[in-house]
1. Mind listing whichever residues of the stretch 239-254 are touching a residue at least 12 places away in the same chain (Cβ under 8 Å) and either of a type in the set (Gly, Ala, Ser) or not in a helix (DSSP H, G or I) (or both)?
2. Pick out the one residue from Gly169, Gly146, Gly192, Gly209 that is open to solvent by less than 10 Å² (accessible area, probe 1.4 Å) and farther than 26 Å from Lys314 by Cα.
3. In this structure, is Pro304 farther than 18 Å from Trp126 by Cα, surrounded by 14 or more Cβ atoms within 10 Å (Cβ to Cβ) and in contact (Cβ under 8 Å) with a residue 60 or more places away in the chain?
4. Tell me which residues, restricted to the stretch 266-282, are part of a helix (DSSP H, G or I), surrounded by 14 or more Cβ atoms within 10 Å (Cβ to Cβ) and touching a residue at least 24 places away in the same chain (Cβ under 8 Å).
5. So Val114 passes all but one of these: (1) of a type outside the set (Phe, Trp, Tyr); (2) under 18 Å from Ala199 (Cα atoms); (3) touching a residue at least 60 places away in the same chain (Cβ under 8 Å); (4) assigned to a helix (DSSP H, G or I). Which condition number does it fail?
6. Inspect the stretch 244-255 for any residue being out of contact with any His (no Cβ under 8 Å at 6 or more places or on another chain), within 22 Å of Pro111 (Cβ to Cβ), open to solvent by 70 Å² or more (accessible area, probe 1.4 Å) and of a type in the set (S, T, N, Q) and give the result as yes or no.
7. Can you list the strands (runs of 3 or more DSSP E) found entirely within the stretch 137-227 that contain at least 1 residues being without any contact (Cβ under 8 Å) to a residue 40 or more places away in the chain?
8. Return the residues of the stretch 333-343 that are out of contact with any helix residue (DSSP H, G or I) (no Cβ under 8 Å at 6 or more places or on another chain) and loosely packed, with under 12 Cβ neighbours inside 10 Å; say none if nothing qualifies.
Amino acid sequence: MATTSGAAAPPPAATLPVRRGTGPAAATSYCPVSSARPWRRARLSSANAARARLLRVRASSMADSVEEERLPAASATDGPLELEPQSQVRTGMWNWKGYNIRYQYAGTSGPALVLIHGFGANSDHWRKNIPVLAMNNRVYAIDLIGYGYSDKPNPRELGESFYTFETWGEQLNTFCSEVVKSKAFFICNSIGGLVGLQAAVMEPQKCKGMFLLNISLRMLHISKQPWFGKPFIKSFQSLLRNTVIGKLFFNAVATPESVKNILCQCYHDTSAVTDELVQFILQPGLDPGAVDVFLEFICYSGGPLPEELLPRVKCPVLVAWGEKDPWEPLELGRAYASFDTVEDFVVLPNVGHCPQVL
C-alpha cells in the first residue's frame, strides 16, 4: 500500500529539462516529450542540439492514444518557453513484501515517468529533474530496496541471493501496478538501466519505453574476466564478505571526503558536486544494514548484462551517453546503438556518468 497525497495538476503536454551552461546564470530550456510520433533517427551536429535530442522521447508504441496539448516548436530567435510553475515534490512510503520503500512523486496528469537511480544513489539523485518533469507528467522516483531510505534487509539473513536485478525488476513492476497504477516510461541511470531492462523483460506490458543514461556496462561481470582471473575474483569477493576487510573498506569510502572525490571523478563538471549532493548520497548510506548491501552488490558478478537484455525488450529504447564518463567508456557503449530495439544513440558532449545532475 502507498501513502500519498495530492499535488497541483500540471498541464498535459510533456517536457524534459535541458540545462545549458553551469552556475547560477545557467539557462534551462525544455524539450517536448510527445507520444504521437515515432522517434527520429536524425543525427545532431552541435552540442546544444545533442542535449536537446537527449530528452526527446517520441514513439507511438510507447503511449496510449491520448489527446494532448503540445508545446509549439521554438525557433532560434524565440524566448524561453512559458510553462506552469513547478509542482511540489512529495514523499511516500510503500509497503512491498513487508519492506518499507521510499519514493518521491509530483504531478497528477500526463504520461507516467518512473526514475531509477544507480549504485549507491537514491531518488534524491533526481531532485533537480522531478519538479520540472512534473509540470507535464506524473513523475515517480523510487529508492530501490537496499538503497536510500528504503529498508535494507541483511542479505545474510535471507538465505539466498536477494540483491539482484531480478529482485529490483520485480520491485519496479509491482511499484508500477500498485503506486503508479498505469504503464510508464522508465528513465534510468547506470545500474538503474539494468533494473529497467530486467523489469521490461519480466513484464513487457508495464513499460511504454525506456531512456537509458550511461547504463552500466558491468565490466566486473564474471563473464568479462579472463579465465585466469576468475578464481582470484571469487577469493577477493569472499574476503570482502566474510572478513573485517569488507567493513574497513566501506568505512573508508563512506566519508564526505571520499564520496566527494568519487563524485568528482565521474561527473566531469565538478561544480555539480556540492556539499548538498554529497549529503544526499552519503546520509542513507550510513543507515544500519547499508554496509551489508554495499558489499553484497560489489560482490555481485553474475546476473544479466545489457547486451543480453536489450534484444528481449519489446518497447523502444533511447540510449544517451556522456562522452566524459570515466567508468563506462563511450566507445564501448556505442555497441548498443546496433540493437534493433535501440531507436537512437545520443552522445552528450562534456558530460560524465550522471547527466541528470547537470
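1. Result: Gly246, Ala254.
2. Values: Gly169 fails: farther than 26 Å from Lys314 by Cα; Gly192 fails: farther than 26 Å from Lys314 by Cα; Gly209 fails: farther than 26 Å from Lys314 by Cα.
Only one candidate passes the filter, namely Gly146.
3. Details: farther than 18 Å from Trp126 by Cα: yes; surrounded by 14 or more Cβ atoms within 10 Å (Cβ to Cβ): yes; in contact (Cβ under 8 Å) with a residue 60 or more places away in the chain: yes.
Judged against the criteria, Pro304 is a match.
4. From the stretch 266-282, those part of a helix (DSSP H, G or I) are 266-267, 270-272, 275-282; that's our starting set.
With surrounded by 14 or more Cβ atoms within 10 Å (Cβ to Cβ) added as a condition, the list becomes 266-267, 272, 277-278, 280-282.
Those that are part of a helix (DSSP H, G or I), surrounded by 14 or more Cβ atoms within 10 Å (Cβ to Cβ) and touching a residue at least 24 places away in the same chain (Cβ under 8 Å): Cys266, Tyr267, Ala272, Leu277, Phe280, Ile281, Leu282.
5. So Val114 meets the others, but not (4).
6. Step one: of the stretch 244-255, the residues out of contact with any His (no Cβ under 8 Å at 6 or more places or on another chain) are 244-255.
Narrowing the set further to residues that are within 22 Å of Pro111 (Cβ to Cβ) leaves none.
The answer is no; no qualifying residue exists.
7. Numbers: elements: 138-142, 184-189, 207-213.
Of the strands (runs of 3 or more DSSP E) lying wholly inside the stretch 137-227, those with at least 1 residues that are without any contact (Cβ under 8 Å) to a residue 40 or more places away in the chain span 138-142.
8. Of the stretch 333-343, the ones out of contact with any helix residue (DSSP H, G or I) (no Cβ under 8 Å at 6 or more places or on another chain) are 333-334, 337-338, 343.
Hit for the stretch 333-343 is Ser338, nothing else.
The values are calculated or read from the model by the stated rules, or taken from the named source; none is laboratory data. Computed from a prediction, not measured in an experiment: that's the story for all the values here. Every residue, glycine as well, gets a Cβ built from its backbone with ideal geometry; the counts of neighbours run over all protein chains shown. What goes into the accessible areas is simple: the full protein's heavy atoms, side chains included, and nothing from ligands, DNA or RNA. Shrake-Rupley method; radii C 1.70, N 1.55, O 1.52, S 1.80 Å.
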